[in-house]
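Encoded as structure tokens, the structure appears first; notes follow it.
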Number of protein chains: 2
Amino acid sequence: MSARRPTRQRAALARALEGSTQFSSAQELHARLRNEDTTVGLATVYRNLQAMASEGEVDVIRTPEGEALYRACSTHHHHHLVCRVCGKAVEVTGAGVEAWAERVSAEHGFSSVQHTVEIVGTCSDCS
Amino acid sequence: MSARRPTRQRAALARALEGSTQFSSAQELHARLRNEDTTVGLATVYRNLQAMASEGEVDVIRTPEGEALYRACSTHHHHHLVCRVCGKAVEVTGAGVEAWAERVSAEHGFSSVQHTVEIVGTCSDCS
DNA sequence: CGCCTAGTTGACAATCATTCTCATGTAATC
DNA sequence: GATTACATGAGAATGATTGTCAACTAGGCG
């Protein structure tokens, strides 16, 4: 919970994340920074992404291939609707889903549940 | 879509999958086979797992670390409630969730949608 | 302002799951 | 039994991610 120290690298990474509404891989973010003025080490990108994720500042999803994708994210609980072609992501909420997850978990005696919901499809621009 | 050829290795893998109700990684399955009489190459395990997954014979989920886990699975559409401690997995269905996913997708102009829902918690035995 | 200390960084090696390569094996067909 | 196309296995290759460790720097202190 210690306040992390603001650094040039961290700021650049945050900027790169804010600059896109789509999910990007760590590698992409690293490359994007490299193409600009700022140079940030790959390990640093990973470290900060991890830190930001555990602070809830970014969201993480996984491609079917298992690669992690990150995106700056508002802090309320929500899920994603992702275009499989262009990667565009829309945040969606669903009170019904939350309730369903709770109920199902309780029915089976599970506690401390978390859930992930990802919807993948083809958006109107790409179909 | 060609019928795959039945082989000793494929059968052994199928048996290993049937033998457990929990999700197992490809590495685990490979090790389990190795400990028994049957020896199956790691590449073969991956190849068959992949083939079986695309035929819908097994389900695939990903650990938070990105490792793929497989499990023999009945063919109807459903989701999983997984214990984060012991790995026990319960199949759950939720008509409400399906409907919600459809509606949300349509609202945003998405088509050909697929969705994944995973609920992770601590089961009664492990809490 | 100059110094100290602990958190940060970056280059690169190391890991680890997964995929690729290609020579060899084998099920199905004739 | 001969043929052929698909399957297998050993090991190399890949590629994302993590670990290592010396060099760097933000912030507090005098």
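Would you mind calculating the relative contact order of chain A from Cα pairs under 8 angstrom and at least 6 residues apart, reporting the percent as a whole number?
Values: 138 pairs, mean separation 27.5, N = 127.
Answer for chain A is 22 percent.
Could you report the buried accessible area between A and B, both sides summed, computed with a 1.4 Å probe and given in Å² to the nearest 100?
Roughly 2800 Å² of accessible surface disappears when A and B pair.
On full extension of the chain, what length is gained from residue B:99 through residue B:22, given 0.36 nm per residue of separation minus the C-alpha to C-alpha distance?
Numbers: separation 77, 0.36 × 77 = 27.72 nm, distance 2.77 nm.
Contour length minus Cα-Cα distance gives 25.0 nm.
Run the dipole for the protein assembly as shown about the Cα centre, Lys and Arg Cβ at +1, Asp and Glu Cβ at -1, nothing else charged, and hand back the magnitude in debye, nearest 20.
On the way: 26 positive and 30 negative charges, 168 e Å.
In total the dipole reaches around 800 debye.
Per residue, how large is the accessible surface of chain A? Use a 1.4 angstrom probe and give square angstrom.
Details: 7000 Å² over 127 residues.
Accessible area per residue, chain A: 55 Å².
Taking all protein chains in place and a 1.4 Å probe, what share, in percent, of the accessible surface of chain B do carbon and sulfur account for?
Values: 3540 of 7020 Å².
That share works out to 51 percent.
I'd like the mean, over residues of B:121-127, of how many other protein chain beta carbons sit within 10 Å of each residue's own Cβ. Mind dumping the intermediate values first?
Values: counts 12, 6, 5, 4, 1, 2, 4.
Counting Cβ atoms of other protein chains within 10 Å of each residue's Cβ and averaging gives 5.
Could you please state, rounded to a whole Å, how far the C-alpha centre of region B:57-127 is from the C-alpha centre of region A:20-49?
30 Å
Charges at C-beta only: +1 for Lys and Arg, -1 for Asp and Glu. How large is the resulting dipole of chain B about its Cα centre, in Debye rounded to 20? Don't jump to the answer; show the numbers that get you there.
Numbers: 13 positive and 15 negative charges, 108 e Å.
It works out to roughly 520 debye.
The values are calculated or read from the model by the stated rules, or taken from the named source; none is laboratory data. Given the structure is predicted, the values throughout are model-derived calculations rather than measurements. Glycine also receives a Cβ, built like all others from the backbone with ideal geometry; neighbour counts cover every protein chain displayed. Remember, those area values only see protein heavy atoms, side chains included, never the ligands or the DNA or RNA. Shrake-Rupley method; radii C 1.70, N 1.55, O 1.52, S 1.80 Å.
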